[in-house]
Amino acid sequence: MNPTNAPRFSASSTLLKSLSSVIHPPLPLTPRESNTLLRAVQDSFRQQLVASDVESSAVSSNDPRAPYASPNAHLGNVLKMVSFSSSPEEARKQREQRIKRYLVDPISVFEEHVSLGTATIDLARCCLARYNDHKTDSMDSQLGGSRVLKGLLTAGLLERPEHILDNTALSYNLLVALVHEGKEDLLVRWTLQEDSSRSRKFIQQVEKHFGLERATQVFFAFYERLSDPPNTQLMAQVLGVIGRELCRAAKKTGALLTPQFDRLLSTSQHWAISPAENTMIQLRFGNNVQPGLEFFASIDACSERWWADLSATRRKKFALLGMELAQGCLAQGRLNDGLKVSRVVSKRFAEQLGGSPRQPVESRAAQTRGEAAEHLEVFREMFKGALRKEKLSGSLV
């Protein structure tokens, strides 16, 4: 047997059990039927006791002809009563009614199981999935998410409301239902209380179901809560990656309104993972070169000890970012700014770009290499179009 089929079979089995509990709920189905069954059992036993007193001298308890010769026979008689037996046709109609009710009003089905003590997490997930996928205008006032959350607490399946985040199978459908009700702020508070690292997944789920605009609104709900002084140190850790992803999606699709996109870019210095990351965000998604110019000027002024401790990976990323920034400056006609960036990058990252860091600065400066940047091929190619007629003296780098 292929072991990779086991998880799929287990998931299918769980889903079938959940649907079976909806279509064939355990008896009693309703409190009314529960009371009817209890009264019938009590009456039956009462009649049996009376009959036993009358016939005790004439009928042996082992006589198979006795109407209640054994507990099994007695129970069989109870279950065969008209109130609890149904024809195949009646059973089919009952199943159809239960299926129809699940399709039309799944939240009520879950609440009924809560009242019977038969509710499960899987049943809640199935009912919420149906509710979310087929939500109509008539269902907007049902508050299905709040009702299921209340039912989970009543049934003892959750100790506290915020524990919904601990169950990944349930959390997505319940989060979607609660966002439908406008409870984003409450969910944001719970997420930060329980595990702030889940914020990215939460915003991704909102984007998947509601779109980029709603996801950005949830992003800023996190941002506003993290703007308070005790939480500002968590800002980049919680929002850095998802903020960049939202900017990329907005730039690519154009699905985000201009005011929201502008707000993302204007606040990136606070939520970006690092100044280098903020440089990239502003350059790629906002065509803004100024943060990059300030960033490269600041790192060029750092001590030699700082440069010595800079990892090879970061050196390579900074070099590529500098090339991209210089190109952005040229595209905007900011020639002098582009040359400044090229000098910093060529001086600090010559090895990453194919130059020789051991070559003395004086000898590098004395070289003549065409019309543009003088000892790195990448910059010569970058600047030759802009500086075709301009003669440069000395070194750009």
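The values are calculated or read from the model by the stated rules, or taken from the named source; none is laboratory data. Being a predicted model, the structure only gives us computed values, none of them experimental. With ideal geometry, Cβ positions are generated from the backbone for all residues, glycine too; neighbour counts draw on all protein chains shown. With ligands, DNA and RNA removed, areas are computed over all heavy atoms of the protein, side chains included. Shrake-Rupley method; radii C 1.70, N 1.55, O 1.52, S 1.80 Å.
Averaging the Cα positions of each part gives two centres, and for the range 263-301 and the range 208-257 these lie 16 Å apart. A convex hull fitted around the alpha carbon atoms of the range 196-272 yields 75 Å³ per residue. For the range 146-270, the residue among Val238, Ile164, Thr258 whose Cα projects farthest onto the positive side of the dipole built from Cβ charges is Thr258. Solvent-accessible surface of the range 81-232, averaged per residue with a 1.4 angstrom probe and all protein chains in place: 51 square angstrom. Share of carbon and sulfur in the accessible area of the range 111-257 stands at 46%, probe radius 1.4 Å.
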